[in-house]
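Data block below; observations after.
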Amino acid sequence: DAGVIQSPRHEVTEMGQEVTLRCKPISGHNSLFWYRQTMMRGLELLIYFNNNVPIDDSGMPEDRFSAKMPNASFSTLKIQPSEPRDSAVYFCASSFQGWEGYTFGSGTRLTVV
Amino acid sequence: QQQVKQSPQSLIVQKGGISIINCAYENTAFDYFPWYQQFPGKGPALLIAIRPDVSEKKEGRFTISFNKSAKQFSLHIMDSQPGDSATYFCAASSVNSGGSNYKLTFGKGTLLTVNP
């Protein structure tokens, strides 16, 4: 199994631009999580899906952030418009039924200049 | 509100020594306590986990000690090796209202450096 696949690995964009981060979870996993990691705030849960349905998006910082999961093998996290304070590493993780053993992807390092 | 407090922020240990990282939680609904290990440029990876029905779990050189009454748990790394140098995160989760999902809340991490 290739694990959780995230793309791109690195993204540098200008303030005000739209950014789309992508995630392919492990086949058979039906829970998907988006986390953001910064030095100041650590790992923060942004949103999670169960069976492609958003269950809790209370961690999404503001309306500029949106996430979708159109099918069991793909999810996107979009930021529009992006701001410098959005600079962070964004991780996607998946699990079966949300049970123990989250598997994280390698992350997307986003830099907004 | 920080629901899982982790300490220390950083830790330096000599090779062969014992590394100890502590976490405290507030939410009594938490019922699953994993530790994750993260190397630079990688995502966190599950290291070891415990449920509150036991007070200790050991896997190789890694041991979790759990104190339910104090709402504290800790990671002990015996015979620490330079390859253990990484950031360690404690976490906690509980089942959501639907009864089927675990949502992990992480501590802020401990940067462990093991000197050769």
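The values are calculated or read from the model by the stated rules, or taken from the named source; none is laboratory data. Because the structure is predicted, anything quoted here is derived from the model rather than measured. So basically every Cβ, Gly included, is an ideal-geometry build from the backbone, and we count neighbours across all protein chains shown.
Restricted to chain B, the set of strands (runs of 3 or more DSSP E) holding at least 1 residues that are closer than 30 Å to A:Ala2 by Cβ comprises B:33-38, B:45-50, B:56-59, B:62-67, B:72-77, B:86-92, B:110-115.
Under the condition of being free of Cβ contacts under 8 Å to residues at least 24 places away in the same chain, over 12 Å from the mean Cα position of the chain (by Cα) and surrounded by 18 or more Cβ atoms within 10 Å (Cβ to Cβ), the residues counted in the range B:39-90 number 1.
Of all residues in the range A:54-69, those being at pLDDT below 90 and not in a loop (DSSP other than H, G, I, E, B) number 2.
Taken over the range A:31-53, the criterion of being loosely packed, with under 15 Cβ neighbours inside 10 Å, in a strand (DSSP E or B) and free of Cβ contacts under 8 Å to residues at least 24 places away in the same chain is satisfied by A:Val53 alone. Residues of the range A:70-91 that are part of a loop (DSSP other than H, G, I, E, B) and either in contact with a helix residue (DSSP H, G or I) (Cβ under 6 Å, 6 or more places away or on another chain) or among the polar types (S, T, N, Q) (or both): A:Ser73, A:Gln80, A:Ser82, A:Ser87.
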